[in-house]
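The values are calculated or read from the model by the stated rules, or taken from the named source; none is laboratory data. Predicted, not measured: the structure shown is a model, and the values here were computed from it. Methodologically, a virtual Cβ is constructed for each residue, glycine included, from the backbone with ideal geometry; neighbour enumeration extends over all protein chains shown. Please note that ligands, DNA and RNA were not included when accessible areas were found on the heavy atoms of the full protein model with its side chains. Shrake-Rupley method; radii C 1.70, N 1.55, O 1.52, S 1.80 Å.
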Amino acid sequence: MRIAIASDHGGFELKGILVAHLAGLGHEVIDLGTDGPDSVDYPVYGKKCAECVAGGTADKGIVICGTGIGVSIAANKVRGIRCALVTSDVMAELASDHNDANMIALGGRTTTPDEAKRWSEIWLATPFSRGERHERRVALLNEM
Ligand code: RB5
């Protein structure tokens with residue numbers, strides 16, 4: 001799968017760990033920065049990753065800032081993006097199962113490397129529960 005990933009400085013370290021992990025699992029990882037620990041603005045990176053997914057260059061996207069909140073807000077402003085802030089195993093699973101999330105957001109200062117790897121894998125491995133109510137709700141999101 002082609003996975004775009006971007007972070008601000010608060011997620012820079014975790015991004016590096018996830019890039020290596022996902023590439024090791026055989027994914028094509030598109031690293032959109034940031035490229036160092038210097039302070040940058042999270043909306044720029046949330047938007048960049050979201051546009052990569054919405055435009056079809058990547059199949060899915062992962063964004064990381066200190067908490068995951070800022071980048072998720074930014075990503076969800078891009079049409080066609082459903083970015084879920086993931087903070088547990090069950091949220092990783094339901095992000096795909098119920099919401100068909102094409103992006104997830106993680107907190108670089110609130111998430112351990114093992115959690116980030118596990119939550120990413122759960123999200124990527126879980127299919128969307130196609131079925132009347134979930135498809136109707138996602139269609140309503142897509143209309144907004
Ligand atoms: C940067 O200090 C921090 O505000 C940012 O990484 C993020 O947590 C915003 O939501």
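From the set of residues in segment 47-61 that are out of contact with any strand residue (DSSP E or B) (no Cβ under 7 Å at 6 or more places or on another chain) and of a type in the set (Gly, Ala, Ser), which is least open to solvent (accessible area, probe 1.4 Å)?
The selected residue is 56.
Scan segment 100-144 for residues that are in contact (Cβ under 8 Å) with a residue 40 or more places away in the chain and part of a loop (DSSP other than H, G, I, E, B) and jot them down.
102, 108, 109, 110, 111
Within the set of pairs 6 or more residues apart or between chains, which connect a residue that is at positive phi inside segment 61-78 to a residue that is assigned to a loop (DSSP other than H, G, I, E, B) with Cβ atoms less than 9 Å apart?
Short answer, once both residue conditions are applied: 68/86; 68/87; 68/108; 68/110; 68/111.
Given the criteria of a type in the set (S, T, N, Q), more than 13 Å from residue 108 (Cβ to Cβ) and either in contact with a Lys or Arg (Cβ under 6 Å, 6 or more places away or on another chain) or surrounded by fewer than 18 Cβ atoms within 10 Å (Cβ to Cβ) (or both), does residue 88 qualify? Give the derivation first.
Details: of a type in the set (S, T, N, Q): yes; more than 13 Å from residue 108 (Cβ to Cβ): yes; either in contact with a Lys or Arg (Cβ under 6 Å, 6 or more places away or on another chain) or surrounded by fewer than 18 Cβ atoms within 10 Å (Cβ to Cβ) (or both): yes.
Against the criterion (of a type in the set (S, T, N, Q), more than 13 Å from residue 108 (Cβ to Cβ) and either in contact with a Lys or Arg (Cβ under 6 Å, 6 or more places away or on another chain) or surrounded by fewer than 18 Cβ atoms within 10 Å (Cβ to Cβ) (or both)), residue 88 qualifies.
In this structure, does residue 11 turn out to be in contact (Cβ under 8 Å) with a residue 60 or more places away in the chain, buried (at least 19 other Cβ atoms within 10 Å of the Cβ) and on the phi < 0 side of the Ramachandran plot? Explain how you work it out, then say what you get.
Details: in contact (Cβ under 8 Å) with a residue 60 or more places away in the chain: yes; buried (at least 19 other Cβ atoms within 10 Å of the Cβ): yes; on the phi < 0 side of the Ramachandran plot: yes.
Here the answer is yes, as residue 11 does meet what is asked.
Considering segment 72-86 alone, what residues qualify as being under 17 Å from residue 124 (Cβ atoms) and in a loop (DSSP other than H, G, I, E, B)?
Listed by number, the residues that qualify are 81, 82, 86.
Being away from the ligand (no atom under 16 Å from the Cβ), touching a residue at least 12 places away in the same chain (Cβ under 8 Å), surrounded by fewer than 20 Cβ atoms within 10 Å (Cβ to Cβ) and over 12 Å from the mean Cα position of the chain (by Cα), is that true of even one residue in segment 35-46?
No; the residues of segment 35-46 include none that is away from the ligand (no atom under 16 Å from the Cβ), touching a residue at least 12 places away in the same chain (Cβ under 8 Å), surrounded by fewer than 20 Cβ atoms within 10 Å (Cβ to Cβ) and over 12 Å from the mean Cα position of the chain (by Cα).
Looking at segment 98-129, which of its residues are among the polar types (S, T, N, Q) and open to solvent by less than 60 Å² (accessible area, probe 1.4 Å)?
Scanning segment 98-129 gives 102, 111, 120, 126, 129.
Would segment 120-136 turn up any residue that is under 23 Å from residue 17 (Cβ atoms) and within 16 Å of the ligand (Cβ to nearest atom)?
No, segment 120-136 has no match at all.
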